[in-house]
1. Name, by its number, the condition in (1) among the acidic types (Asp, Glu); (2) open to solvent by 10 Å² or more (accessible area, probe 1.4 Å); (3) touching a residue at least 40 places away in the same chain (Cβ under 8 Å) that does not hold for residue 44.
2. State which residue is modelled with the lowest pLDDT when the search covers only the range 389-418 and only residues that are assigned to a helix (DSSP H, G or I) and among the charged types (D, E, K, R).
3. Listed residues 409, 421; which is open to solvent by 10 Å² or more (accessible area, probe 1.4 Å) and either in contact (Cβ under 8 Å) with a residue 60 or more places away in the chain or acidic (Asp, Glu) (or both)?
4. Between residues in the range 13-31 that are more than 22 Å from residue 163 (Cα to Cα) and in a helix (DSSP H, G or I) and residues that are open to solvent by 20 Å² or more (accessible area, probe 1.4 Å) and small (Gly, Ala, Ser), which pairs lie under 8 Å by C-beta distance while being six or more apart or on different chains?
5. Check the range 346-353 and report whether any residue there is polar (S, T, N, Q), touching a Lys or Arg at 6+ places or on another chain (Cβ under 9 Å) and open to solvent by 30 Å² or more (accessible area, probe 1.4 Å).
6. Name the single residue that is farthest from the chain's Cα centre (by Cα) among those in the range 212-237 being assigned to a helix (DSSP H, G or I) and farther than 17 Å from residue 418 by Cα.
7. Would you mention how many residues in the range 431-442 are open to solvent by 30 Å² or more (accessible area, probe 1.4 Å) and aliphatic (A, V, I, L, M)?
8. Can you tell me how many residues in the range 250-289 are open to solvent by less than 40 Å² (accessible area, probe 1.4 Å), farther than 18 Å from residue 390 by Cβ and touching a Ser or Thr at 6+ places or on another chain (Cβ under 9 Å)?
Amino acid sequence: MRFQPGPKAARQPISRKVWQLAAVIVFGAFMSGLDATIVNVGLDTIARDLGATLGQVQWVSSAHLIALGVSLPAAGWLGRRVGVGRMWLAALAAFTFTSAACAAAGNVETLIALRVAQGIAAGLLIPAGQTILGQAAGPGRLGRVMATLGLAVGLAPALGPVLGGLLLDRGSWPWLFLINVPIGLVGLVLGLRLIPRGARDSGERLDRVGLLLVTAGVPALVYGLNAWGEQRSILAPGVFMPIAVGGILVALFVRHARRHPDPILDLCLFRLPVFAAASVTTFANGAAMFGAFLLLPLYFQVGRGEEPLETGLLLIGLSVGTALTMPFVGSMIDKIGSGVVSVAGGLATIATTAPFVFLPLDTDELTIQVLLFARGIALALAIMPPTVAAYEAVSQRQLPDATSQINVLQRVGGAIGGSLLAVTVAGSMSSGTASALQLSFAALTGFSALSLSASIWLLHTEQSRSANGAAGIAPHPTESTP
């Protein structure tokens, strides 16, 4: 079966069961998104309470991100091996349990180890949820169904700093982790009743060499890129070596996967023009999106002198714009296709980022909030379409691999975008804060322009597929070409 968008499919109703599935999957997506930002607010408090240095406590965040990168590549194979529904339930249970355990940690070493386990669970939870929805939605419905995840993805990271600040103001740092427990328990109760367990493929052998190469290469690459943003010199030993080693391992994996009959990640998917274009667009969007997550807080804190909690509150408008727009974006994708919506999102993102290059730091608050709200709308138009296009381009059997690869590309793109912007800000501070921030917003506008270029390519491939009657699915290595 191949997912195929189109106007006729868009008129097909979505069953109550599919909406119920989407509502349950949102619990995992929201919890994961919230955890990505809420913990960072409390790192200084955690360091003081546990008697740790700031360098040690930074690993509470970094170890989580690296562990997430370790488990993402294996998610596709594991989902097919045990059933994607079983994997989602197990990952949600593990994430909930490790959240409670993190709150009880008595020293920073234990906390870091538990954050590794939590990151592994998160890396399985995200693509598993997307796979379940993709397989349940069917042709022409995926945009509307995936929009429910977009609500969680849009709101949760923005609520994290605000909620974290309130929890620290009224309580203590363990509540940064305990907040996940009731969300996870409700998701588990509902999931056990509603989530289909999925088929098991016990005959598929594990590609151990490929797994070793990619699970070592991707985290090393992401770590090195993040370290580059912190140390500002790509030649520093803690930067150059991880990037070089990670790059070599990823290159070796690509060579290995092209020769292996059943690789841990099916790179044959990139033979599909739509999937390839959607992947490049997702990668560029990751750089622009995560780059903005770094730059906008700096704009308010360093440029305008706001406190962390105030900064979180000021940034809510961006996520509200994204969340309010997502349901409409899903319907638009199902009606007119991902490429058109993605191009509109690219144009809108440039239009709402470029003004920050020219506006002075004392620009009135109303203007800034209008721009942030509009940028939130632009992000909804830009981020969701390539993901839907990628998943619609593959068969149901290939969907677990597709979700894993799309999430890996988004993370690597985000690491590159965040690092480049961090280096740009730090390297240009000598010319003044205003000049440094304006130059960084110019770089962010450049990332958005790259996303637009990739979106135009995506539109072209979708139109070509439609004109040619939709070329076939990329064959699985063990399948014959149709």
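1. Answer for residue 44: the failing condition is (3).
2. From the range 389-418, those assigned to a helix (DSSP H, G or I) are 389-392, 399-418; that's our starting set.
If we keep only those that are among the charged types (D, E, K, R) too, we end up with 392, 401, 411.
Values: 392: 89, 401: 87, 411: 82.
By that ranking, first place goes to 411.
3. On the way: 421 fails: open to solvent by 10 Å² or more (accessible area, probe 1.4 Å).
None of the others qualify; the one that does is 409.
4. 17/136; 18/136; 21/136
5. Of all residues in the range 346-353, those polar (S, T, N, Q) come to 349, 352-353.
Filter again for touching a Lys or Arg at 6+ places or on another chain (Cβ under 9 Å), leaving 349, 352-353.
Filter once more, so that each one left must be open to solvent by 30 Å² or more (accessible area, probe 1.4 Å): none.
Checked against the condition, which is being polar (S, T, N, Q), touching a Lys or Arg at 6+ places or on another chain (Cβ under 9 Å) and open to solvent by 30 Å² or more (accessible area, probe 1.4 Å), the range 346-353 yields no hits at all.
6. Step one: of the range 212-237, the residues assigned to a helix (DSSP H, G or I) are 212-231, 237.
Filter again for farther than 17 Å from residue 418 by Cα, leaving 212-217, 237.
Working: 212: 23, 213: 22, 214: 18, 215: 17, 216: 19, 217: 18, 237: 28 Å.
Per the stated criteria, the residue is 237.
7. Going residue by residue through the range 431-442, those that are open to solvent by 30 Å² or more (accessible area, probe 1.4 Å) are 431, 433-435, 438-439, 442.
Checking which are aliphatic (A, V, I, L, M) leaves us with 434, 439, 442.
Of the residues in the range 431-442, 3 are open to solvent by 30 Å² or more (accessible area, probe 1.4 Å) and aliphatic (A, V, I, L, M).
8. Residues meeting the conditions: 2.
The values are calculated or read from the model by the stated rules, or taken from the named source; none is laboratory data. Model, not experiment: these values are computed from the prediction. All Cβ positions, even for glycine, are placed from backbone atoms using ideal geometry, and neighbour counts span all protein chains on display. Please note that ligands, DNA and RNA were not included when accessible areas were found on the heavy atoms of the full protein model with its side chains. Shrake-Rupley method; radii C 1.70, N 1.55, O 1.52, S 1.80 Å.
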